[in-house]
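The structure appears right after this line, and notes come after that.
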């Protein structure tokens, strides 16, 4: 749908884009959209996780890591943008938030993108722990909107806590988000994970080690069509086959993608 | 085209449009009113294939490169689980097949014919055609090696012709010295049409590691970047073959369709540009209709216009 950029906010080396998409049908947490400026000099749209939504307004958190994402991050407010979405299968809220265990969100870098929308769907009386890892202090400032959401939920009486860890630096507290996971994880937890593949694999290893932990992973891939037509965005999954991130994913159960 | 009646000259290139996945992801309407005049589903192989390891695609300047590698559920599952719902679509079908030997092409064609005979009696030839993919650049035996050789092309098309009474299209690779020679071979062997072009073999590197980016090392280039190359192929085919040509390669605008038709294409397929706008074929068909109306011109006048002496 033809949309308009109504907000572009720099956030810790990332940019939060807000698009006004008339008729936006509402997304499930973990779904994505293909986004492309009408004036784009690129051939394909970019697949971006839906970070949050307010009626027709949709937020995306974008890291300017390639030509296409840099173009999106540099768009002037008021620019016209094509949005195809929401697409794909989001987090399985019924399983994650069935109340049988604590919910732990694990995000690395731009992997925090889907969490504001996910948090807003995980209502009290659930206990929610948000563990985030960033490269450096600058990138960590990208977690600010999420921090605000957590504070709001706490005020509303939710048992929601946030911990952030930073990789670079000399302080004893420096480390990776997987360090936090290792310290915090206990049997019965339900995880929603989004971040680099190495992080995701390590998180799943820790889940298996802890036992009685279920986890769902939001994966990323270059996409062309975003709707399952081209089979370009596949990832290898545990049974040896390939699954389309756009169609079977982008959220997969840990056992399905990593096995064990 | 052949026994198929198309309501407009725009179809899709195989592997770029999955109407059922699209309906699931966006709007079920696309099944009732597909934008294409005939639907070309993804290429089917005889045995199941998982396709190439990722990464499989990368955007390139004015286009993209892919090495999908013909993932397919295989003929048996295709016939049992896919063919029925394909036949329920309100459009003619052009089924695409790829084999790794002459025998596989024959087995695919005869298997499909048998299934269609059972499902529809003899009526199906006005509804279903067959495209021989002898041009996929991303598999390592058969297929494109057959389509790179006039003699092998003639043998495969001739062998399938004996088993296939409906529309038979040979989809050609541009990665040859003389595409018209391959087109002539397909025509001699009884092809009702030739489709040109499949993708151009190419290579992209990872920007940082400077090693091949795609899981398959090489891939096939498509998109507006290849349009002049594809137009040249269609132009040369038109000079040497008399069967209809399905033109494709970088089609994204009404102007592109006019140019492919002027070079000799009677039908035009939308490929990669359809990936970012899966209703593009319908939009372009309307645009083409308006263009013809405004000029009081017809498709018959347009096709081959580039070859007319000034």
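Computed from label points 7 Å out along Cα-Cβ, the spacing between residue A:144 and residue A:210 is 3.1 nm.
Ignoring everything except DSSP H segments at least 4 long, calculate the 222 nm mean residue ellipticity for chain B; use -39,500 (n - 2.57) per segment, divide by total residues, nearest 500.
On the way: 12 runs with 111 residues, N = 310.
Computed ellipticity for chain B at 222 nm equals -10000 deg cm²/dmol.
Can you tell which of A:47, A:224, A:74 shows the greatest fluctuation in a Gaussian network model of chain A with Cα springs below 10 Å? Fluctuation is largest for A:74. Which of rounded, prolate, oblate describes the protein assembly as shown, given a ≥ b ≥ c as roots of the alpha-carbon gyration tensor eigenvalues and a/c under 1.5 marking rounded, otherwise prolate only if a/b is larger than b/c? Taking the square roots of the gyration eigenvalues as a ≥ b ≥ c, the protein assembly as shown is prolate. Remark: mean inter-chain Cβ contacts per residue of B:272-279 equal 6, using a 10 Å Cβ-Cβ cutoff to other protein chain atoms. Relative to the longest principal axis of the Cα atoms of chain A, the long axis of helix A:197-210 makes an angle of roughly 30 degrees.
If packing is taken as the average number of other Cβ atoms within 10 Å across a peptide's residues, how do A:16-22, B:2-8, B:20-26 rank, most packed first?
A:16-22, B:20-26, B:2-8
If both residues of a DSSP beta bridge must be in the protein assembly as shown, then about 50% of such bridges are antiparallel. Computed from label points 7 Å out along Cα-Cβ, the spacing between residue A:159 and residue B:151 is 7.8 nm. Counting only DSSP beta bridges whose two residues both lie in the range B:87-236, roughly 35 percent are antiparallel. Taken along the Cα-to-beta-carbon direction at a fixed 7 Å, the label points for residue B:103 and residue B:242 span 3.7 nm.
State whether chain B is rounded, prolate or oblate according to the following rule on the C-alpha gyration tensor (a ≥ b ≥ c being the square roots of its eigenvalues): a/c under 1.5 gives rounded; otherwise a/b larger than b/c gives prolate, and the remaining case gives oblate. Taking the square roots of the gyration eigenvalues as a ≥ b ≥ c, chain B is rounded.
Inter-chain Cβ neighbour count for A:231-243, averaged per residue, equals 5 (cutoff 10 Å, partner chain atoms only). With an a/c value under 1.5 for the gyration tensor axes a ≥ b ≥ c computed over the alpha-carbon atoms, the range A:2-87 is described as rounded.
Counts of other chain beta carbons within 10 angstrom of each beta carbon in peptide A:36-48 average 3. Using only Cα atoms, locate the centre of the range A:82-100 and the centre of the range B:197-259, then give the distance between them in Å, rounded to an integer. The range A:82-100 and the range B:197-259 have Cα centres spaced 38 Å from each other. Counting each DSSP H run of 4 or more residues in chain A as -39500 (n - 2.57), what helix-only mean residue ellipticity at 222 nm follows after dividing by all residues, to the nearest 500 deg cm²/dmol? Only helices count here, giving -6000 deg cm²/dmol. Compared with the dominant principal axis of the Cα atoms in chain A, helix A:144-155 is inclined by about 50°.
Per-peptide packing, taken as the mean over residues of other Cβ atoms within 10 Å, places B:213-219, B:264-270, A:67-73 in the sequence B:264-270, B:213-219, A:67-73 from highest down.
Each part reduced to its alpha carbon centroid, the range A:16-73 and the range A:160-190 end up 29 Å apart. What FRET efficiency do you get for residue A:70 and residue B:77 if R0 is 35 Å and r is their Cβ-Cβ distance, rounded to the nearest 0.05? Efficiency, from the Cβ-Cβ distance: 0.25.
The range B:82-145 and the range B:18-62 have Cα centres separated by 16 Å.
Every number in this text was worked out from the coordinates using simple rules, so none of it is lab data. These numbers come from a predicted model, not from an experiment. Neighbour counts are summed over all protein chains in view; Cβ atoms, including those assigned to glycine, are modelled from backbone coordinates with ideal geometry.
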